[in-house]
Amino acid sequence: MSDSTPHWRKDFPINWEDDHYVTRREFTSFLALISGALFFGTGLVAVRGWWQRWRLASPNSVLIASVAEMPIGVAKLFYYPTPNDPCLLVRLSVDRFVAYSQRCTHLSCPVVYWAADGHIHCPCHEGRFAVEDGRPLAGPPRRPLSRITLMLRGEEIWAMGVEV
Amino acid sequence: MLGHNSQATVHNPQLADHNTIPSAVVRRQRNTALSLVMAFVIVLLLVQLWLLVEAVEGYLGGAGAIAVPAAIASGLCSLGIWGLWRVLQ
């Protein structure tokens, strides 16, 4: 350094422009790190999805309601197969019951039964599902709602499994 | 044959001696190759990002099975990026 250089520069001889300069090789290394993080994230989602499917593959039968407490056109919320899985039970006629997972197949918003219109509605993105079979009618959802297999045992309604 | 080739390389007027600073032509070629590799890495990264978004959407929509092939494809992209990164180092 020359004599005209300030004293502080001698004590702190770092050029910020040089220090902040990122070479293409360094930038590519950073991209490689991001790539690893994206792979890790996708793998994590895959493992969670596998865990969810494995959990659903071995469901148990659960008593969810009695016929007497379900008037026609009324929906009841229940949880199946775990307390973290909300579902809707709907009585369509005297002897016809249907039940679906309450998670919208678009982005998992909770769906609600609209008895007046006779369909299941997702308030997040205006998705609609047919109450008869859970197929998507309108909005962004493209897959039908997961259906809960039901069984009538006398006056009791039992959930027996999940059809994804 | 090998000796002939190496002789030809040495006498090529556009290329400097390998032990010294590369010529402008070689530097330009390296620059182009480096830019190409970087562009390819960025494309692979965008594909990985798309795969992650699709996997998350599938998972939230109850179709978690989509995430498995997405994770495999993402791993292949990562391997490709890692290989290109090794080439650059």
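FYI, it's all coordinate maths here, none of it is from the lab. Just so we're clear, the structure is a prediction, and the values are computed from it rather than from any experiment. When we count neighbours, we look across all protein chains shown, and the Cβ atoms used for this are built from the backbone with ideal geometry, even at glycine.
Structural remarks
- Computed from backbone phi, the HN-Hα couplings of the stretch A:148-164 come to 9, 6, 10, 9, 8, 10, x, 9, 9, 10, 10, 8, 10, x, 10, 9, 7 Hz, rounded to whole numbers (Karplus: 6.51 cos²θ - 1.76 cosθ + 1.60, θ = phi - 60°; Gly and Pro given as x).
- Selection from A:T23, A:G41, A:S66, by position along the positive dipole direction of the stretch A:5-66 (Cβ): A:S66
- For the protein assembly as shown, a simple Cβ point-charge model (Lys and Arg +1, Asp and Glu -1, everything else neutral) yields a dipole of about 460 debye relative to the Cα centre.
- Length-normalised contact order for the stretch A:62-163 - Cα pairs under 8 Å, 6+ apart - percent: 24 percent
- Computed extension length for A:R153-A:D19: 40.7 nm, one decimal, from 0.36 nm per residue of separation with the Cα-Cα distance subtracted.
- Partner shielding of B:38-49 amounts to 3, given as the average count of beta-carbon atoms from other chains within 10 Å of each residue beta-carbon.
- Between A:Y79, A:Y100, A:Y21, the Gaussian network model of chain A with springs among Cα atoms under 10 angstrom shows the greatest mean-square fluctuation at A:Y21.
- Within 10 Å of each Cβ in A:20-29, the average number of Cβ atoms from other chains: 3
- In this structure the amide hydrogen of A:E156, modeled in the peptide plane, comes within under 5 Å of the amide hydrogens of A:V67, none closer than 5 places in sequence on its chain.
- Amide proton proximity set for A:T149, modelled H, under 5 Å, gap of 5+: A:M160, A:G161, A:V162, A:E163
- Per-residue Karplus couplings for the stretch B:44-55, computed as 6.51 cos²θ - 1.76 cosθ + 1.60 with θ equal to phi - 60°, are listed in order as 4, 5, 5, 4, 4, 4, 4, 4, 5, 4, 5, 5 Hz, Gly and Pro entered as x.
- On Cα atoms only, tilt of A:24-57 relative to the major axis of chain A in degrees: 20 degrees
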